[in-house]
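Report on the following structure.
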Amino acid sequence: MAESDKFDVAAIRSALDKENGPWEASENALTRMSRSQRATLLGVPLPSPEEQAELTARGAKIRAAVAGAEARDATALPAQFNLNDRGGVSYVSGVRNQLNCGSCVAFGSVAVLEGTARYTRGTPSLDVDLSEAHLFYGWGSTVGVNCNTGWMPLPALTFATNRGVTYESEWAYSAGNSNGGSLPSTWEQHRAKATATADVTNNVLAIKNHLTSYGPVTGCFVVYTDFFSYHSGVYQHVTGVQEGGHCVAIVGYDDALGAWIVKNSWGTSWGMAGFGYIKYGEVWIDSWSNVGVTGVYLRTWTAGKKVIGAYATGHDRNGWVYVQDNGWLRVGGLTGTAHIAMFSDLLTAKEKSAYINAFSDDGVVTQTYTY
């Protein structure tokens, strides 16, 4: 790496000290890259100068509203909410690494889908690991998206709503799809599909309401040089130039800190094991592109799991089972006889602590095998 291309963490720390240290900078995998390598991670095209001025003005209004205590309805919203820590459990999927490809929108969008699927079901251990490769290299390529062009969350999540996204096991991610992955013909047997998108851009209350009601939202923002070295604290731009646009998943907020809680897709060496705080109204995080979904249909096989619980009511065909890592699923069956037979098999599996393979379609078990 050329001397002029080295990342100067010491200079950023010095600038932070002059601002009374709002956050901490540290070396990480990003600061050890060349500038051109870091640029490959920024997959949201920056808007025109006129649009940038409007986004900056929006951010200033948000900061003023927060200062005036207008960003929280105290009768309805908690002062702090974190999907990554709800009473000691997390509804957020693990931190991933987009590698040297501008696919951050796919990672932020998939984090929205996975988090919403878990949170709306009340099942933090829900077995849902979706394919960023399908969303980005599959659907994205149909509209000219690639590692160099980047994308935006609303069209990405619209594909997830109208067409669906398969599981990581069906199409594993690699930078630039270098592993030669492709969509198998059976992908729709392993599919997540959003019920509807919700655009809550430039509305702090709407973002918070969505987080507490449904799950994560995307957060697009402008990246300045100093952001690559973020380690902890509440990020705000202190020094450096614009490097490009980026997308993360907003997974919570903290009014005491005046910040959003975000999950990044640059691996765990960045930030606090891949998570961080970004100040309200800063770097367009809450004024550019904040999109969530209101629910997620899941269709997949739940292989090698145990039945943990079961119950039935007096209503016709109303048996339910709690399947390990999948939560409560309603037992299907086109007839009462078929329903009873399937429910009986699942009860037996529960009593014997046997493993099952079950095919569920939007929460309804339609096929089972016990072994």
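The Cα-based radius of gyration and maximum Cα-Cα distance (Dmax) for the chain are 22.2, 75 Å. All alpha carbon pair distances within region 119-244 were sorted into 5 Å bins beginning at 0; the resulting P(r) in whole percents reads 2, 9, 15, 17, 18, 17, 14, 6, 2, 0. Applying the Karplus relation 6.51 cos²θ - 1.76 cosθ + 1.60 with θ = phi - 60° to region 280-286 yields 3J(HN,Hα) values of 3, x, 9, 6, 6, 4, 10 Hz, where x marks Gly and Pro.
Distance between the 7 Å Cα→Cβ label points at Ala338 and Leu154: 4.2 nm. Spatially, region 288-303 and region 137-173 are offset by 13 Å when compared through their Cα centroids. Pairs of Lys residues in the chain are counted when their Cα atoms are under 15 angstrom apart and they lie 8 or more places apart or on different chains; the count is 7.
Across region 244-304 the C-alpha pair distances fall into 5 Å bins from zero in the proportions 4, 15, 20, 21, 14, 11, 8, 4, 3, 0 percent.
Would you list Lys279, Lys193, Lys352, Lys263 from fewest to most Cβ contacts within 10 Å?
Ranked by crowding around the Cβ, least crowded first: Lys352, Lys193, Lys279, Lys263.
The label point for Ser185 and the one for Ala76, both projected 7 Å from the Cα toward the Cβ, are 5.0 nm apart. Here is how the number arises for the chain: DSSP H runs of 4 or more residues each give -39500 (n - 2.57), the sum is divided by the residue count, and the result at 222 nm is -7500 deg cm²/dmol.
When the chain is described by a simple charge dipole with +1 on each Lys and Arg Cβ and -1 on each Asp and Glu Cβ, the residue from Gly181, Ala358, Val283 located farthest towards its positive end is Ala358. Only Lys, Arg, Asp and Glu carry charge here, each on its Cβ (+1 for the first two, -1 for the last two); on that basis region 9-293 has a dipole of about 140 debye about its Cα centre. Packing-based ranking of 157-169, 49-61 yields 157-169, 49-61, ordered from highest to lowest mean Cβ neighbour count within 10 Å. Amide H contacts of Arg317: none lie under 5 Å away among residues 5 or more positions distant or on a separate chain (H built 1.01 Å from N in the peptide plane; Pro and chain starts excluded).
Label-to-label distance, Tyr322 versus Ser174, with points set 7 angstrom from Cα along the beta-carbon direction: 4.1 nm. Dimensions of region 298-370 based on its C-alpha atoms, expressed as ranges along the principal axes with the largest first, amount to 28, 27, 17 Å.
All of the numbers you see were taken from the coordinates with simple rules; none came from a lab. Being a predicted model, the structure only gives us computed values, none of them experimental. Because the Cβ atoms are built from the backbone with ideal geometry, glycine has one as well, and the counts that use them run over all protein chains shown.
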